[in-house]
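Below is one structure, written out as C-alpha cells, with a few remarks after it.
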Amino acid sequence: MFYTAYRVPPRAGKARPVTFVWNGGPGANSSLLHFHVAGPRIVRGDRLVDNPESWLAFSDLVMVDPIGTGFSRPARPEFGAEFYGTRGDVASVAEFVRSWLLLHDAEGAPLYLVGESWGAGRAASVGYALQQRGIAVSGLVLISGGWGLTGDYGDAALRAAVHVVDMASA
C-alpha cells in the first residue's frame, strides 16, 4: 500500500496528532487532497508552491492510496478480490493504519481519519474497525459531506445531518 507521510518533531514530548487522508473511488488516489487541500505543497498553475493552509501545521499527515488506487496494487493480481470490495478495502486500510502507528511509535497520538467522496464512507468504516480493535479515533473528517453513506453507517437523521455541509456550500 503506497503512502506519503509528513511528520514534524513533537514539542517537549507531546505527541502530535496523526491524520490519515485518502480520496474516494473507484481508483481515486490521494493526490487531489495531497496537492490541492492538505499537503505542505499545492499546485498553482504548472508549479508546486508552499501551502499556507497545510494541515501539517497542526497534525502529521499520512496520504494513503488504498489498494487499487495510485501506486497501490495487490502483491499478485489474483489477490485483487480480497481488496476490491467494501469489506476487504476497509480491513486492509484499518490494518495499514494500525501497522503504521506501531511502526512509527505513534500509538498514543491523537488519530484522525479523513476521506473524500466514497472515502468518507471508508473513513467511517475504518474508524469503526479500529475502535473494535481497541484503537481510539479522535475524529473523522468527511469531505463531500458523506455522500454515498448507506444505512450501515447510521440512521437516516445522522446521514441527513452530514449532508448539511454540501447543501450549505451549494
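We did not get these values from a lab; they are worked out from the coordinates using the rules stated. If you're wondering where the values come from, they're calculated on a predicted model, not measured in any experiment. Methodologically, a virtual Cβ is constructed for each residue, glycine included, from the backbone with ideal geometry; neighbour enumeration extends over all protein chains shown.
Structure values in brief
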| quantity | calculated |
| --- | --- |
| C-alpha center-to-center spacing [the range 87-122, the range 1-44] in angstrom | 12 |
| Most positive-pole-ward Cα, Ala15, Gly88, Phe71, against dipole of the range 1-102 from beta carbon charges | Ala15 |
| Sites Leu102 and Leu48 - FRET efficiency at Förster radius 35 Å, r taken between beta-carbons, to 0.05 | 0.65 |
| Computed [θ] at 222 nm, deg cm²/dmol, the chain (DSSP H ≥ 4; -39,500 (n - 2.57); rounded to nearest 500) | -8000 deg cm²/dmol |
| Pairwise label distance in nanometres, Ala160 with Val141, each label 7 Å out on the Cα-Cβ vector | 2.8 |
| Rounded to the nearest 20 debye, dipole of the chain from Cβ charges on Lys, Arg, Asp, Glu | 340 |
| Spin-label pair Thr86/Phe58, simplified geometry with 7 Å Cα→Cβ offset, distance in nm | 3.1 |
